[in-house]
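Asks: Provided herewith is a single structure, encoded as structure tokens, for subsequent inquiry.
The values are calculated or read from the model by the stated rules, or taken from the named source; none is laboratory data. Given the structure is predicted, the values throughout are model-derived calculations rather than measurements. Because the Cβ atoms are built from the backbone with ideal geometry, glycine has one as well, and the counts that use them run over all protein chains shown.
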Amino acid sequence: MASTSSDRVLRPDAGRFSDSANILRALAMDAVQRASSGHPGAPMGMAEMAVALWHPIEGGHLRHNPADPGWADRDRFVLSNGHASMLLYALLHLTGYPLPMAELQRFRQLHSKTPGHPEVDLTPGVETTTGPLGQGLANAVGMALAEKLLADEFNLAGHCIVDHRTWVFAGDGCLMEGISHEACSLAGALGLGKLTVLYDDNGISIDGAVDGWLRDDAAGRFAAYGWRVIGPLDGHDIAELRAALGQARQDDGRPTLVICRTTIGRGSPARAGTAKAHGEPLGADEIAATRAAIGWPYAPFELPPEVVSAWDARPAGAAAQQAWAARFESYRRDHPQQADEFVRRMAGEPPRDIHDTLAVLMAEMVRSGDAMATRKASQKVLSVLGPLVPELIGGSADLTGSNLTDFPGCGAVRRGQAGGRHINYGVREFGMAALMNGMALHGGLIPYGGTFLTFSDYSRNAIRMAALMKRRVIHVFTHDSIGLGEDGPTHQSVEHAASLRLIPDLDVWRPCDATETAVAWARALASRSRPSALLLSRQNLPPQTRSDAQRLEIARGGYVLSDRDNPRAVVLATGSEVSLAMAAQRLLDDRGLPVRVVSLPSSSVFDRQDPLWRRQVLGQGLPKIGVEAGVTAWWGQYGCAAALGVDRFGESAPGPEVCKHFGLTAEALVGLVEAAVRDADALDAEIVARADARRGASPEAPCQPVAEERHDD
Ligand SMILES: Cc1ncc(C[n+]2csc(CCOP(=O)(O)OP(=O)(O)O)c2C)c(N)n1
């Protein structure tokens, strides 16, 4: 059970402070003090847990090589309670990662390698960006799952090249977050036996002693998920912790939770065990008192060399990596192709014949000239890509038959079974998104997962984290508008496309037919440092006709799909509304008003194109009208004079009826275009009239041609 304030009596600590833990404690309180901001309490409370896992002599459980943070078979460590970042930075510095003391002294400063919360790719040794509580834990479940999938795929008789563990530190906050339930329940169901979570059970969160709002029986809760639970144990007893972690390493097919009873801010006479230790510098006087209490006579950032050298994990790390390299060489001798494939996969390189694959795919899509829902087109894409891109690992949050994320022969991922390529995440959208981030961070896999677009809100912060971390994660969001019909407003997306487009570095694709769907998939696959969201229709959409050149232009995110001589307006459309724009164009032809139709499957990709391309596509000086079955304000960014869309929640009825009810029709679009052209003409006339008025002049007679001056040389 989360320990309560009443059962938390501070133990007499005298004589129980070790230098190995104190060096972490001191670095944390001193760096926070220097930055005048940060969280000293959790690092000080988890110092012994860190020693038991990370210290090469006193702990020895974490298998890593600080000299090569990218070693494929390293253990992964996730600090899910990311506010304890100074603990991680101290560990990375002391064990020998390239993180010098100067960086610790610049904790939380601009462009330092020690930001407020750990950021992957910024600080060597940080495996994932944490801070949004609970997500690190879910990332770790994804990492452990990736390890299992890759081990199943690559370890061959007599050879074991994928064999590492995933370790997590998590606090009360992580376990209070709902995502911890989603991720840990699934980890239990899948039997991820190489995952170990150390729970910093300190009974304190920001608002105070947690017994007012957290009285879970954590041990019972995790046991019910199918986890092995160790503890509660004394989270400051290094020997006890070390033994527990040794037990956790005996894989019995269950993930392990080690409940560590700790005191937040341990060592600080006035702050230990209080919420004040959580997120405030201790202050100079209290730091002095803490130094005296824990027996640490050194000045701030002064580190005794013998304590520092005992922390150096490079020799043990190098030996571990060398042993693995020898195993890998033997694997290479026996299985050269698989060895090359493993290297390629871990490097995130595309398969060698990916271009041929994509060409086949495109031809297939163009050939199949039937009207097709883009979710169906996506499945067709997957049935081509799946067998040829083995790193694709799919899944759905219990909507496989609707999202169409599976493909023939993909097989389900199940406990104790190898070879599955499709994960039934259950109804756990946020968990799915965060697990996918973990798998992408681990490497060797490209995760994609599906749900209805409306439920992207459930996953939203994990989508944001994928973008922030620049990871290739592909979200398949189907049933993307009111066009889905009968399920009604709870399921009909209105604001979601626009809102996802607000996330920086996320490519949102809303393809209009099978061909655009294929290109969206190809781009998402090639997009190594960005997540993508594919917004797909439930309903059938007609195929559009394109030249070969136009097919290539789809990849630019926006292109002229259908033009007219001297167009008077430009209609910009996405997804299911492209066919509506094409119908409106035909109606306008009949009325003698030529318009251009631009298909804009991905605005972010389009916005990254060179200005010349964008100008060519959008036209200059022409009124623009946007159409998408969603909120209209979004079109403002393209300077649209008008937009056809849906600015309120939907209705439950058959899709075509709902669209008609909301005025999402070609006729309505025609009306808008005509009005926009009229307004533009009127505006032009008004501008001229105003200019005349400013000059106080009546319109001049038309200019007479002036005879050209002749210069005869
Ligand atoms: C999703 C999310 N919500 C809120 C916060 C703000 N926050 C940071 S730490 C914290 C309290 C966490 O309590 P606990 O895990 O017990 O940390 P400790 O007090 O032990 O340091 C909160 C609410 C956050 N980082 N992430």
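Asks: Could you count how many residues in region 63-95 are aliphatic (A, V, I, L, M) and surrounded by fewer than 24 Cβ atoms within 10 Å (Cβ to Cβ)?
Replies: 2
Asks: Now, a different point. With the structure loaded, tell me whether Arg242 is in contact with a His (Cβ under 9 Å, 6 or more places away or on another chain) and on the phi < 0 side of the Ramachandran plot or whether it fails that test.
Replies: yes
Asks: Looking at region 586-615, which of its residues are part of a helix (DSSP H, G or I), farther than 18 Å from Glu667 by Cβ and free of Cβ contacts under 8 Å to residues at least 24 places away in the same chain? Write out each step before concluding.
Replies: Just the residues of region 586-615 that are part of a helix (DSSP H, G or I), to begin with: 586-590, 603-607, 611-615.
Then keep just the ones that are farther than 18 Å from Glu667 by Cβ; that gives 603-607, 611-615.
Hits for region 586-615 are Pro611, Leu612, Arg615.
Asks: Also: Would you confirm whether any residue within region 224-234 is at pLDDT 95 or above, among the small types (Gly, Ala, Ser), under 30 Å from Glu280 (Cβ atoms) and within 16 Å of the ligand (Cβ to nearest atom)?
Replies: no
Asks: Yes or no: Thr256 more than 16 Å from the ligand (Cβ to nearest atom), in contact (Cβ under 8 Å) with a residue 60 or more places away in the chain and within 18 Å of Gly171 (Cα to Cα)?
Replies: Yes, satisfied.
Asks: Could you say which residue among Val646, Val658, Val597, Val627 is over 22 Å from Pro489 (Cβ atoms) and in the same structural domain as Val570 (by TED's automatic domain parsing)? It would help to see each step written out before you state the result.
Replies: Numbers: Val646 fails: over 22 Å from Pro489 (Cβ atoms); Val658 fails: over 22 Å from Pro489 (Cβ atoms); Val627 fails: over 22 Å from Pro489 (Cβ atoms).
After applying the criteria, what remains is Val597.
Asks: Any idea how many residues of region 188-202 are within 16 Å of the ligand (Cβ to nearest atom) and in a loop (DSSP other than H, G, I, E, B)?
Replies: 1
Asks: Counting residues that are touching an Asp or Glu at 6+ places or on another chain (Cβ under 7 Å) and without any contact (Cβ under 8 Å) to a residue 24 or more places away in the chain, which helices (runs of 4 or more DSSP H) fully inside region 61-173 reach at least 1?
Replies: It comes to 135-154.
Asks: While we're looking at this one, here's another question. Could you please find all residues in region 272-311 being within 16 Å of the ligand (Cβ to nearest atom) and assigned to a loop (DSSP other than H, G, I, E, B)?
Replies: Ala272, Gly273, Thr274, Ala275, Glu280, Pro281, Leu282
Asks: Provide a single number: the residues in region 436-493 that are of a type in the set (Ser, Thr, Tyr), crowded, with 24+ Cβ neighbours inside 10 Å and within 16 Å of the ligand (Cβ to nearest atom).
Replies: Going through region 436-493 one residue at a time, the tally reaches 1.
Asks: Let me ask you something else. Scan region 164-182 residue by residue and report those that are among the polar types (S, T, N, Q) and more than 14 Å from the ligand (Cβ to nearest atom).
Replies: Thr166
Asks: Could you tell me which of the residues Ser185, Ser205 is within 16 Å of the ligand (Cβ to nearest atom), among the polar types (S, T, N, Q) and within 32 Å of the chain's Cα centre (by Cα)?
Replies: Sole residue among the options that is within 16 Å of the ligand (Cβ to nearest atom), among the polar types (S, T, N, Q) and within 32 Å of the chain's Cα centre (by Cα): Ser205.
Asks: Just checking, does region 248-262 include any residue being crowded, with 18+ Cβ neighbours inside 10 Å, more than 21 Å from Asp237 (Cα to Cα) and assigned by TED's automatic domain parsing to the domain that holds Val32? Give the derivation first.
Replies: Taking region 248-262 and keeping what is crowded, with 18+ Cβ neighbours inside 10 Å, we get 248, 254-262.
When the remaining residues are screened for being more than 21 Å from Asp237 (Cα to Cα), the result is 254-255.
After this cut, where a residue has to be assigned by TED's automatic domain parsing to the domain that holds Val32 as well, the list is 254-255.
So far as region 248-262 goes, yes, one or more of its residues are crowded, with 18+ Cβ neighbours inside 10 Å, more than 21 Å from Asp237 (Cα to Cα) and assigned by TED's automatic domain parsing to the domain that holds Val32.
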